[in-house]
1. Return yes or no: is Gly42 in a strand (DSSP E or B) and surrounded by 16 or more Cβ atoms within 10 Å (Cβ to Cβ)?
2. If a residue has to be over 24 Å from Ser21 (Cβ atoms) and in contact with a strand residue (DSSP E or B) (Cβ under 8 Å, 6 or more places away or on another chain) to count, how many in region 60-97 make the cut?
3. Please go through region 214-228 and pick out each residue that is more than 20 Å from Val136 (Cα to Cα) and either at pLDDT 80 or above or in contact with an Asp or Glu (Cβ under 6 Å, 6 or more places away or on another chain) (or both).
4. Scan region 53-82 and report the pairs whose first residue is farther than 11 Å from Ser36 by Cα and whose second residue is of a type in the set (Lys, Arg), with Cβ atoms within less than 6 Å and a gap of 6+ or a chain change.
5. Can you tell me which of Val180, Val196, Val207 is under 27 Å from Arg82 (Cβ atoms), touching a strand residue (DSSP E or B) at 6+ places or on another chain (Cβ under 7 Å) and at pLDDT 75 or above?
6. Restricting attention to region 1-39, and to residues there that are surrounded by 16 or more Cβ atoms within 10 Å (Cβ to Cβ) and part of a strand (DSSP E or B), which single residue is modelled with the lowest pLDDT?
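The values are calculated or read from the model by the stated rules, or taken from the named source; none is laboratory data. This one's a predicted model, so the numbers in the text were calculated from it and none came from an experiment. As a convention, Cβ positions derive from the backbone with ideal geometry for all residues, glycine included, and neighbour counts pool all protein chains shown.
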Amino acid sequence: MEPVKLGIIGGSGLYAMEGLSKTKEVRVATPFGKPSDAYLLGTLGGARVAFLARHGRGHRILPSELNFRANIYGFKKLGVERILSVSAVGSLKEELKPLAFLIPEQFFDRTRGRQSTFFGQGVVAHVSFSDPMCPVLMDVLAQACERAGIKTVFLTSEDDPTGGAPTMLEPVPEAKTYRVGLYNSAMEKAWQSPRVVTNQVELPPDVRSRLSSGQRYFWQVTVEVDRGKVMKSRLFEFSLK
């Protein structure tokens, strides 16, 4: 069976993928039990994907009944490396109108009554949950929204952040602090600036000296707009000259 790299989980109301061709249903056995439904393998926009209805076709599984461990394990067995999960949600913010697309960077899981870990029964592990979302996939989604004409807000740089000179970031009116994160091509954090109250961040000379010429790096801006509330820019790619 041809492996697929991208998995798509459909939430409430999304039980099939429009535009999916050359489809094939596959049922996957897992040590955690049965997934929500059969996986639908197919081609979407020239890429092979695996689609799964989170609540099953016909919406027959409650959120607290979801066997997320089986769902994720099944994707892994199919070769999936990244998962795009779609959810239908509401908002109490007037500016977030129906049909808006939101790309979350953090979340609180308030679901009760189900297993909340892959570990246990003699296996103890601690997994960081500080950055639960894939920054590469978030960037791809943001760019896709931009191409589709969905309004997005990006923070941009007026300078090459590798030049050692202060980097001027596009100001955000409600910003309390700014912080820049630097990542290598494996998306491992190479450096993070301290929080600053102005939109000017300098890459220290000792950090710049550790970067390799010709290598791909990424940087991202985090803006604190209120106590505990943050906004993140998309990822910006650069290489040393």
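1. Yes, satisfied.
2. The qualifying residues number 5.
3. Of everything in region 214-228, those that are more than 20 Å from Val136 (Cα to Cα) and either at pLDDT 80 or above or in contact with an Asp or Glu (Cβ under 6 Å, 6 or more places away or on another chain) (or both) turn out to be Glu224, Val225.
4. Between residues of region 53-82 that are farther than 11 Å from Ser36 by Cα and residues that are of a type in the set (Lys, Arg), the close pairs are Ser64/Arg114; Glu81/Lys5.
5. None of the others qualify; the one that does is Val180.
6. Of everything passing the filter in region 1-39, Gly10 is modelled with the lowest pLDDT.
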